[in-house]
Amino acid sequence: MAMHRTDASVEEFLGQLPDDRQREDARRLCAVMQEITGEPPAMWGPSIIGFGTYHYRYASGHEGDSALASFSPRRQNMAIYLVGEFADRHQAPLARLGPHKTGKGCLYIKRLDDVDLAALRELIDRSARIRKGINRASS
């Protein structure tokens, strides 16, 4: 994720979301990610809420810092950013999750009430642990 932490207010960003349900889901997801990471929410770019930081370095030599856990409340879905290849690494919690779509490093859900929150917490926790280097060989 090529993004940078900003000084923008998370609460102001959440307050500008046009839909009450989306605002409530985003606040609930903030609480979950804050509990998992032990870090407060911060804006990363104009529309991503992130928690904590980690340093990454690719084989190409490109390196930088990014959030341990993050998400973006979008019009159609909540985009939750997880460690790359999570769909292959963490099939069991994904099978329990409920309705969702996946991308390379993104999990898309429409509503928090539609998914198994324990499975979602497990996915977020595993991703953050891998980014910290604690749990590299997880299945």
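Run lengths n ≥ 4 of DSSP H only: what is the helix-derived mean residue ellipticity at 222 nm for the chain, with -39500 (n - 2.57) per run over all residues, to the nearest 500?
On the way: 5 runs with 51 residues, N = 139.
After summing the helix terms and dividing by residue count, I get -11000 deg cm²/dmol.
Per-residue HN-Hα couplings for the range 100-109, Karplus 6.51 cos²θ - 1.76 cosθ + 1.60 at θ = phi - 60°, whole Hz, x for Gly and Pro?
6, 10, 10, x, 4, x, 10, 10, 10, 10
Roll a 1.4 angstrom probe over the protein heavy atoms and tell me the percent of accessible area of the chain that is carbon or sulfur.
46
Taking the alpha-carbon distance from Lys132 and a cut-off under 17 Å, which aspartates and glutamates remain once sequence neighbours fewer than 8 residues away in the same chain are dropped?
Once the sequence-local aspartates and glutamates are set aside, what remains near Lys132 is Glu35, Glu39, Glu63, Asp65, Glu85, Glu122.
Nearest 20 debye, what's the magnitude of the dipole of the range 19-117 about its Cα centre given +1 on Lys and Arg Cβ and -1 on Asp and Glu Cβ?
So the magnitude is around 280 debye.
Could you provide, to the nearest whole Å², the per residue accessible area of the chain with probe 1.4 Å?
On the way: 7590 Å² over 139 residues.
Result: 55 Å² per residue.
Through the Karplus equation 6.51 cos²θ - 1.76 cosθ + 1.60, θ set to phi - 60°, convert the phi angles of the range 71-82 into ³J(HN,Hα) values in whole Hz; use x for Gly and Pro.
3J(HN,Hα) across the range 71-82, in whole Hz: 7, 9, x, 9, 4, 8, 8, 8, 9, 10, 8, 10.
May I ask you to evaluate 6.51 cos²θ - 1.76 cosθ + 1.60, the Karplus curve with θ = phi - 60°, for each residue of the range 50-65 and list the ³J(HN,Hα) values in order in whole Hz, giving x for glycine and proline?
With coefficients 6.51, -1.76 and 1.60, one gets x, 9, x, 9, 8, 9, 10, 9, 8, 4, 5, x, 5, 8, x, 10 Hz.
Among 19-25, 57-63, how do they line up from the highest to the lowest mean number of other beta-carbon atoms within 10 Å?
Per-residue Cβ counts within 10 Å, averaged per peptide and sorted highest first, yield 19-25, 57-63.
The values are calculated or read from the model by the stated rules, or taken from the named source; none is laboratory data. Note that the coordinates shown come from a computational prediction; the quantities given were computed from them, not determined experimentally. For neighbour counting, all protein chains shown are included, and Cβ atoms are generated from backbone atoms with ideal geometry for every residue, glycine included. Please note that ligands, DNA and RNA were not included when accessible areas were found on the heavy atoms of the full protein model with its side chains. Shrake-Rupley method; radii C 1.70, N 1.55, O 1.52, S 1.80 Å.
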